[in-house]
Amino acid sequence: MRILLTGGAGFMGSNMVQYLLKQYDDVEVINFDLLTYAGNLENLADIQDHPRYTFVKGDIADARAVEDVVSKGVDLLLNYAAETHVDRSLMDPRAFLHTNVYGTHTLLEAAKKYEVPRFVQISTDEVYGAVMEGESDEKSPFEPRSPYSASKAAADHLCHSYHISFGVPVMVTHSANFYGPYQFPEKLIPLFVCNLLEGKTVPIYGDGQQIREWIFTQDHCRAIDLIAQKGNAGETYNIGTGERLPNLEVTRKLLALTGRDDASMVFVKDRRGHDRRYALCSQKLRSELGWKPQMAFDDGLAQTVEWYRTNQPWVARCRSGEYQQYYQRQYQER
Ligand code: DAU
């Protein structure tokens, strides 16, 4: 089975490449990635010479580059490629439209033309907007509130339209917040862990009472694998754990795991349009496909902190070059 996995050098994509090669003896994985700031082939160093693994550098919005791969035959397309960081989308939305909207459209066109038999779109719970009470299920309306979530919502609508209009067998997945090893240190957990391990402070946006739902990377890999094999074309699946915590509580757990105290927390200006709470109903995935999360948040968090503690050179390389400019700009704007 030939799997085209886009964005395979990023955090979630690289975890999935590793997962697929370990899990199956008969899959070939083509990792198609542009290697932008968060893409890192170091995440895949141990499998770079694997006989069933190929890397292709390319932009998912480049139709010729995409067709070059898809025309040779693809049994499953997993679209992990995306611009994902909300704060960056507030500073530079154009990159988000390019990759998330035009990129997904280019993949859908290629899937249609070359009749790719399965396509899974990796998307986010943020398309449902802030959920002040209860949970979002697959029928909840889209109410994206940041350029990032609006771009993902547009891509998800395109996926459904390509299923309805052209019969492209695509499934859309909405996931809670990922965390785990290899996550680029700009999102809450990896940023805070790296700062705390380096003796720095951590910036809490607003009052820190915003609620996020957390899923460990391996649990997400298993969910995507199941959906790719058993999901119904045209359907949407939420992937959530029910482990919902205010940011302040997550931060306090990280302080304890890194041996730091409350003095390391700095309350800064809130994010623009900051969504107060996300909460996913993932009953459909659990009852129809038999998935359930295996990693408790406290265990996953401890493993994650340990991984960053023992991979400081990896962190240092991520935190050079463009990273410094991004943070300088973000601090100027706060
Ligand atoms: O919900 C799924 C989404 O989770 C994914 O689709 C996105 O790609 C991913 O970036 C993530 O979005 P969030 O905005 O929830 O993640 P982030 O780690 O940026 O922020 C988590 C919470 O922590 C949020 O309430 C903002 C807050 N935060 C974040 C950062 C980076 C802080 O208080 N300080 C920070 O420095």
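I'm checking my understanding of the structure. Among residues of the stretch 155-177 that are polar (S, T, N, Q) and in contact with a strand residue (DSSP E or B) (Cβ under 7 Å, 6 or more places away or on another chain), which one is nearest to Glu243 (Cα to Cα)?
Asn177
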Q. Of all the residues that make up the stretch 150-187, how many are crowded, with 19+ Cβ neighbours inside 10 Å and in a helix (DSSP H, G or I)?
A. 11
Q.
Among the numbered criteria (1) within 23 Å of Gln324 (Cβ to Cβ); (2) in a helix (DSSP H, G or I); (3) away from the ligand (no atom under 13 Å from the Cβ), which one does Val193 miss?
A. (3)
Q. Is it true that Gly73 is within 14 Å of the ligand (Cβ to nearest atom), in contact (Cβ under 8 Å) with a residue 24 or more places away in the chain and on the phi > 0 side of the Ramachandran plot?
A. no
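Go through the stretch 138-176 and count every residue that is over 19 Å from Lys230 (Cα atoms) and not aliphatic (A, V, I, L, M).
19
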Q | Criterion violated by Tyr102 - all others in (1) hydroxyl-bearing (Ser, Thr, Tyr); (2) within 16 Å of the ligand (Cβ to nearest atom); (3) in the same structural domain as Cys221 (by TED's automatic domain parsing) satisfied | A | (2)
Q: Keeping to the stretch 235-271, report how many residues are out of contact with any strand residue (DSSP E or B) (no Cβ under 6 Å at 6 or more places or on another chain), more than 21 Å from Arg309 (Cβ to Cβ) and within 11 Å of the ligand (Cβ to nearest atom).
A: 4
**Q.** Every residue from the stretch 37-70 that is in contact (Cβ under 8 Å) with a residue 60 or more places away in the chain and either basic (Lys, Arg) or under 19 Å from Met16 (Cβ atoms) (or both)
**A.** Ala38, Asn40, Glu42, Asn43, Val69, Val70
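For (1) touching a helix residue (DSSP H, G or I) at 6+ places or on another chain (Cβ under 6 Å); (2) within 25 Å of Glu109 (Cβ to Cβ), each residue gets a yes or a no:
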site: Gly13; (1), (2): no, yes
site: Lys22; (1), (2): no, no
site: Asp26; (1), (2): no, no
site: Leu35; (1), (2): no, yes
site: Leu41; (1), (2): no, no
site: Leu44; (1), (2): yes, no
**Q.** Hits in the stretch 60-81 (condition: touching a strand residue (DSSP E or B) at 6+ places or on another chain (Cβ under 9 Å) and outside any helix (DSSP H, G or I))
**A.** Ile60, Lys72, Gly73, Val74, Asp75, Leu76, Leu77, Leu78, Asn79, Tyr80, Ala81
Q: Among the residues of the stretch 154-187, write down those that are near the ligand (Cβ under 8 Å from one of its atoms), among the hydrophobic types (A, V, I, L, M, F, W, C) and in contact with a Leu (Cβ under 9 Å, 6 or more places away or on another chain).
A: Ala176
Q | Every residue from the stretch 204-255 that is within 25 Å of Arg276 (Cβ to Cβ) and among the small types (Gly, Ala, Ser) | A | Gly206, Gly208, Gly240, Gly242
Q: Go over the candidates Gln218, Gln229 one by one and state the one that is polar (S, T, N, Q), under 18 Å from the mean Cα position of the chain (by Cα) and either in a strand (DSSP E or B) or more than 13 Å from the ligand (Cβ to nearest atom) (or both).
A: Gln218
Q. Within the stretch 277-291, is there a residue that is surrounded by fewer than 16 Cβ atoms within 10 Å (Cβ to Cβ), under 24 Å from Asn195 (Cα atoms), among the small types (Gly, Ala, Ser) and not assigned by TED's automatic domain parsing to the domain that holds Gly129?
A. no
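The values are calculated or read from the model by the stated rules, or taken from the named source; none is laboratory data. Small disclaimer: the values here were computed from a predicted structure and weren't measured. Every residue, glycine as well, gets a Cβ built from its backbone with ideal geometry; the counts of neighbours run over all protein chains shown.
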